[in-house]
Amino acid sequence: MPELPEVEALADHLRRHAVGLTVGRIDVSALSVLKTFDPPVSALNGQLVTGAVRWGKYLGLQAGGLYLITHLSRAGWLRWSDKLAAAPLRPGKGPIALRVHLGAPGEAAGFDLTEAGTQKRLAVWLVTDPLAVPQIAALGPDAVALTRAGLAAALKGNSGRIKTVITDQKVIAGIGNAYSDEILHVAKLSPFATANKLTEAQLAALHDAMTAVLTDAVTRSVGQQAATLKGEKRSGLRVHARTGLPCPVCGDIVREVSFVDKSFQYCPTCQTGGKVLADRRMSRLLK
C-alpha cells in the first residue's frame, strides 16, 4: 500500500509533469471507483491543472477549482505516460480504473489509476473542497508535521497497541503497515507496547524515529519516476517484509506476526528484549 512518502512523491511527480497542462478528458473504466457524481468527471475537461496535493495517504490533482482525489488503497497505483493512447478505455477490461488525458488530443500525456487483484478498493472523488471527502475531514495530524508535543497529545488516553494506534489515520495521518514497522524498529519499541503508557524517553524515541524514517523515505522517493517508487521503498526497508532475514542492526532473525489479511515484522533483540511475540492477534509476549 502506498504510504505518506510514496504519495508525496507521486504528488511531486504531478507537480513537475502535470501542472500547466489542460485536462483533455477523463476516461472511467471502473465506475465503482467513483465515490461522487456531482460534479461529474466531465467537469474537468478543458480545465488547467494548477497543483497536486497530499493529505495523509490521499492524493489530489487540482484543476479549475476542482480536486480529483484518490486513495490508492492496498493495490492501487498511478502510472504516468508521456503519450497516452487516444482510444477510449474498454469498461471492465484490465487493471486500469481511470485515465486522465492531459494536453492536446493525439499528443496527450497523462496517467492511469490502476488496481491489481480482485479486492477493488481504489477510490476517486471529484469535489470543490477536499474536506467534502469524509475520510480527509477525519484525518489526524500529518505524521511529518507532528511535533513531540503533538505526538504526546495524539497518544494521550489511547490504550491501544502502539502499532495499531500510529497506523490509525484518525490519530496520525500517513503511516501504514510498512513504515510503522520501520519506525518501531528504529525507536526500539515493541509493536504491542501500550500507546498511553510510553515513558518520556520512549515517546521521544518514537517521535525521533517517525521523523527520521519518514523524512529519509520522502527524500529518497521525491524525484523518482512513478514506476520506480515501489522498488525504492523496498530497498530502504530494514524489517518490514524481511521475515527470516537478519536484522541489519543486531543480526537477530526478523520475526513476523500474522493476522487474517496482513502481517507485521519486528526484531526481538532490538524491540522486545529478546522475547518472541506469539503469532496470533490476542497474544502476549511468550514466557
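Only the coordinates and a few stated rules stand behind these numbers; no lab work does. Predicted model, so just to flag it, every value in this text is computed and none were measured. Neighbour counts are summed over all protein chains in view; Cβ atoms, including those assigned to glycine, are modelled from backbone coordinates with ideal geometry.
Quick notes on this structure:
- Full extension of the chain between Ala201 and Lys93 yields a length gain of 33.6 nm, computed as 0.36 nm times the residue separation minus the alpha carbon distance.
- Among beta bridges from DSSP that stay inside the chain, the antiparallel ones total about 95%.
- Above-threshold pairs, the threshold being 26 Å between Cα atoms, out of Lys57/Lys230; Lys83/Lys262; Lys156/Lys233; Lys35/Lys57; Lys93/Lys170: Lys83/Lys262; Lys156/Lys233; Lys93/Lys170
- Over all other residues within a Cβ to Cβ distance under 10 Å of Phe111, the charged ones net out to +1, with Lys and Arg as +1 and Asp and Glu as -1.
- Sparsely packed trypsin sites (Lys or Arg not before Pro) within region 156-203, loop by DSSP, other Cβ within 10 Å at most 12: Lys156, Lys170
- Taking chymotrypsin sites (Phe, Trp or Tyr not before Pro) across region 1-99, the ones in a DSSP loop with at most 10 further Cβ atoms lying within 10 angstrom of their Cβ are Phe37.
- On the beta carbon distance between Arg16 and Asp216, with R0 = 25 Å, the FRET formula returns roughly 0.75.
- In region 9-130, the DSSP beta bridges split such that about 95 percent are antiparallel, to the nearest 5.
- Label-to-label distance for Leu48 and Val276 is 6.3 nm, based on points extended 7 Å past Cα in the beta-carbon direction.
- Mean residue ellipticity at 222 nm, helices only, the chain: -7500 deg cm²/dmol; runs of at least 4 DSSP H residues each add -39,500 (n - 2.57), and the sum is divided by the number of residues.
- Springs join every pair of Cα atoms under 10 Å in this Gaussian network model of the chain, and among Asp261, Asp12, Asp252 the largest mean-square fluctuation is at Asp261.
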